[in-house]
Amino acid sequence: MRYLAPKTVEEATTLLAEHPGAKVFAGATDVIPQLKAGRPEPEALVDLKKISQLVSVSDEGGHWSIGAAAATAKLTGNKALAAEFPGLVEAAGLIGSDQVQSRATLGGNLCNASPAADSVPAMIANGMRAVIAGPGGTRTAAVEDIPTGPGSTQLAAGEFIVSFELDHVPARTGDAYLRLIPRTEMDIAVVGAGARITLDDAGNVAAATIAIGAVAPTARRVPAAEAALVGNPINDQTLAAVAEAASAACNPIDDKRGTIAYRRQVAGVLARRAVVAAAERAAARTNGGN
Amino acid sequence: MSRTHVTCTINGDEVEFLCEDDTTLLDALRDEVGLTGSKEGCGTGDCGACSVILDGALTCACLVFAPEVDGGTVVTVEGIADGNQLHPLQQTFLEGAALQCGVCTPGFLVAAKALLDENPHPTETEVRYALAGNLCRCTGYDKIIRAVLAAADYNGSEG
């Protein structure tokens, strides 16, 4: 296996064209354990962290741009980002230990394509877009369309994510991500739920995005839960509809972390709680982002 | 295939070594550089026994490819004392017997140093969260947490 470290996006796409057996990586927190577990070594590993664009976090041009290979510690350490998107930043900060936070990335969390990836429901809830470089040039895709199943993505050969675009929040908007693990730290989600809520002046829900993780082959939106909220107040009745819709949207597996029935039940509970947390933040934010 | 030449700063000294491209930083430190303080517990980033500070950030050396650190700066457990003067954490771990078998200890020392560098007077809760990535199967953690808090007090007495 060869280690290659391009300095620019163009250099990386050229290297990937020259080495069809190569794979890209960022923090290596999944890649190295997978190689140790016996996955075949690629011909070459292309390190994306040496490309400055891939590791920058910026607020320019009317939206946030988060490098796909920026360490999650860089997100949790960014006060402006954390104030505007507390749910997203908390989700990113839940991934692994401090040791892992200095290496883990949103691009890696998404492209490793674990159904339980913590950042993904929060990225989907916030409508984030992936800017993808490849042999055919650059394209943009919604984060929710990137994973296609456990360990697989829609990225074509030679493609990699450069950055994520994140629009500033409107006024009266808040996000939240909650996960269930049987301990306090250092575990993989049994269920995760992300929500983003915008309230109107009367306190009713003007817009809602809800996404659940670890309960289906990929993280997924719950349109029925969103529809139950829009135009209505947050109350016992609408929250019960959210929980029911989230449970119904699950297609989970039985494994050592949880049974199908348990995951279904918890998905409803967490979706409801995430909506409440996001709505509280929405009510507290009278002004939008920059 | 020829081996890759890596130049970096380890514990303040410029160091050069040769390695295969798929060698981890942990294996390079132990086998090529001869610094065996960093331990391999799990080899998959779960236990923290190989904790090092890479370019200012705490990380697991087992999750880093050695060629990545070319031009970088690494601090290992061998680099935290000041000559013969133990780091306050090393002193309080000794005084508090905050170890039994000792395999996890280098990782705890480096992770705790990274914490105290950032936050010289953490609460017990902050210490426990900061050290969540370090596993100890002997002590039950209590003595380790107390030793870190004692070292933080030591920071205070030094002003």
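Bear in mind these aren't lab numbers, they're just calculated from the coordinates by the rules spelled out. Just so it is clear, the structure is predicted and the values come from calculations on it, not from any experiment. With ideal geometry, Cβ positions are generated from the backbone for all residues, glycine too; neighbour counts draw on all protein chains shown.
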**Asked** Can you run phi through the Karplus equation (6.51, -1.76, 1.60; θ = phi - 60°) for region B:77-89 and list ³J(HN,Hα) in whole Hz, with x for Gly and Pro?
**Response** 4, 5, x, 8, 7, 9, x, 8, 8, 4, 5, x, 5
**Complete:** Output for region A:171-200: trypsin sites (Lys or Arg not before Pro) sitting in coil per DSSP, at most 15 other Cβ within 10 Å, listed by number, reads A:R183
**Prompt:** Between A:V230 and A:D200, how many nm apart are label points set 7 Å from Cα along the C-beta direction?
**Reply:** 1.2 nm
**Asked** With each pseudo-label sitting 7 Å past Cα toward Cβ, what's the A:I253-A:A37 distance in nm, one decimal?
**Response** 1.0 nm
**Prompt:** Which value results for Rg/Rh of region A:7-56 when Rg is the Cα radius of gyration and Rh the Kirkwood radius based on the inverse mean 1/r?
**Reply:** 1.00
**Complete:** All alpha-carbon distances of region B:1-77, grouped into 5 Å bins from 0, give the whole-percent distribution 3, 18, 31, 29, 14, 4, 1
**Translational D in µm²/s for chain B (Stokes-Einstein at 25 °C, 0.890 mPa s, Kirkwood Rh from C-alpha pairs)** = 154 µm²/s
**Prompt:** Under a Cβ-Cβ cut-off of 11 Å, what is the net charge of the residues other than A:R139 that fall near it, where Lys and Arg count +1 and Asp and Glu count -1?
**Reply:** 0
**Item:** Computed P(r) (all Cα pairs; the protein assembly as shown; 10 Å bins; percent)
**Value:** 4, 20, 28, 25, 16, 6, 1
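For peptide B:48-55, compute the average count of partner chain beta-carbon atoms within 10 Å of each residue's beta-carbon.
Details: counts 5, 0, 1, 3, 1, 1, 3, 1.
Counting Cβ atoms of other protein chains within 10 Å of each residue's Cβ and averaging gives 2.
Looking at region A:1-61, which GluC sites (Glu not before Pro) are DSSP coil and have at most 15 other C-beta atoms within 10 Å of their C-beta?
On the way: sites: A:E10, A:E11, A:E18, A:E43, A:E60; in loops: A:E43.
For GluC sites (Glu not before Pro) across region A:1-61 that sit outside H, G, I, E and B with at most 15 neighbouring Cβ atoms in 10 Å, the list reads A:E43.
Could you pull out the trypsin sites (Lys or Arg not before Pro) across region A:236-290 that fall in loop regions by DSSP (anything but H, G, I, E, B) with no more than 14 other Cβ atoms inside 10 Å? Kindly include the intermediate steps, with their values, before the conclusion.
Numbers: sites: A:K256, A:R257, A:R263, A:R264, A:R272, A:R273, A:R281, A:R285; in loops: A:K256, A:R257, A:R285.
Filter output for region A:236-290: A:K256.
Quick one: Kirkwood hydrodynamic radius for region A:1-87, alpha-carbon pairs, angstrom, one decimal?
Values: mean 1/r = 0.0691 Å⁻¹.
Taking every pair of different Cα atoms in region A:1-87, averaging 1/r and inverting gives 14.5 Å.
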**Fill in**
Over the Cα atoms of region A:2-167 the radius of gyration and the largest Cα-Cα distance (Dmax), both in Å, equal 14.8, 44
**Request:** Find the all-direction average of the projected area of the Cα convex hull for region A:170-256, expressing the result in square nanometres with one decimal place.
**Result:** 6.6 nm²
**Request:** Compute the convex hull volume of the Cα atoms of region B:88-157, divide it by the residue count, and report the result per residue in Å³ as a whole number.
**Result:** 70 Å³
**Asked** With +1 on each Lys and Arg Cβ and -1 on each Asp and Glu Cβ, how big is the dipole of the protein assembly as shown about its Cα centre, in debye rounded to the nearest 20?
**Response** 1360 debye
**Asked** Given the C-alpha centroids of region B:1-79 and region A:205-280, what is the distance between them in whole angstrom?
**Response** 43 Å
**J(HN,Hα) series, region A:87-94, from Karplus relation 6.51 cos²θ - 1.76 cosθ + 1.60, nearest Hz, glycine and proline x** = x, 4, 5, 5, 4, 4, x, 7
**Request:** For region B:55-159, give the magnitude of the charge dipole about the Cα centre (Cβ charges: +1 Lys/Arg, -1 Asp/Glu; no others), in debye to the nearest 20.
**Result:** 440 debye
